[in-house]
1. With respect to A103, determine if the residue is open to solvent by 10 Å² or more (accessible area, probe 1.4 Å) and farther than 30 Å from L136 by Cα.
2. Looking only at the range 134-165, how many residues end up being among the aliphatic types (A, V, I, L, M) and either more than 12 Å from the chain's Cα centre (by Cα) or surrounded by fewer than 17 Cβ atoms within 10 Å (Cβ to Cβ) (or both)?
3. Any residue in the range 57-74 that's within 23 Å of D155 (Cα to Cα): show its pairings with residues that are modelled with pLDDT under 95 and open to solvent by less than 50 Å² (accessible area, probe 1.4 Å) at Cβ separation under 7 Å, as long as the two are six or more apart or on different chains.
4. Please verify whether F70 is touching an Asp or Glu at 6+ places or on another chain (Cβ under 8 Å) and not β-branched (V, I, T), treating the condition exactly as stated.
5. For M95, which of the numbered conditions (1) touching a residue at least 40 places away in the same chain (Cβ under 8 Å); (2) open to solvent by less than 50 Å² (accessible area, probe 1.4 Å) fails to hold?
6. Would you tally the residues in the range 16-36 being under 17 Å from A152 (Cα atoms), buried (at least 18 other Cβ atoms within 10 Å of the Cβ) and not charged (D, E, K, R)?
7. Under 18 Å from I26 (Cβ atoms), assigned to a strand (DSSP E or B) and among the β-branched types (V, I, T): does that describe I116?
Amino acid sequence: MREIIFDTETTGLDNRADRIIEIGGIELINHFPTGKTLHLFINPGDRKVHPDALAVHGITDESLKDKPPFETVADQILEFFGDAKWIAHNATFDMGFVNAEFARLGRPPILPDMVIDTLAMARRKHPMGPNSLDALCRRYGIDNSHRTKHGALLDSELLAEVYIEMIGGRQTALGLGSANGSSARSRQSDEAADVVADVLARPNQLPSRLSDEELAAHSALVAKLGAKGIWSKYSVSE
């Protein structure tokens, strides 16, 4: 399963007049980052960055002068996303701008069934809140100390970690939460089983933030499965 965690920065809050000036995206396969990213700064034409927006993301009009307009990067964006789900925090905001940009070019919108809103997920999972990206980073112990300004790629990277934790976390996905690996896997959903399969088939593409203990546990699991001759059961094709 392929998903794209993404974020946008804009000139302001009104998607009828304001424009996207930055978009960042992180590719996930079976809920794990592959290392493929999209990061673009975009010239908003004659629309100036609102002072309130500038205070949030720090992207100046001057820095955007030599950047391409949206119309020249639209195909690049669509190619990167492909048939993946579009996942964003407060997706209503981001998709409002994305679809407004496509509408200006006479292109069809991204339909709601292709979009996942992690803010809605967080509100269901943590109804007492708070559920901002910073608050969720604190809740899940994700280091966001380097986030002094909003940035589309940085926020996408943080959101990818938050999203993985909200759907069960790496320990659960790897089936390492129990001493009995087989019984743990039997309790996982089909989606989580796909995650296990992908990790076992891609031993050199583990998330960069796994701890030494998690890496050691993964290696032990791989060795155990290999010794039992069931490695091929978990092989997946590209």
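The values are calculated or read from the model by the stated rules, or taken from the named source; none is laboratory data. Keep in mind that this is a model prediction, so the values were computed, not measured. Every residue, glycine among them, receives a Cβ derived from its backbone with ideal geometry; neighbour counts consider all protein chains shown. With ligands, DNA and RNA removed, areas are computed over all heavy atoms of the protein, side chains included. Shrake-Rupley method; radii C 1.70, N 1.55, O 1.52, S 1.80 Å.
1. In short, yes.
2. Residues flagged as among the aliphatic types (A, V, I, L, M) and either more than 12 Å from the chain's Cα centre (by Cα) or surrounded by fewer than 17 Cβ atoms within 10 Å (Cβ to Cβ) (or both) within the range 134-165 amount to 3.
3. Listed pairs, sorted by first residue: H57/G151.
4. yes
5. Failed condition: (1).
6. So the count comes out to 8.
7. In short, yes.
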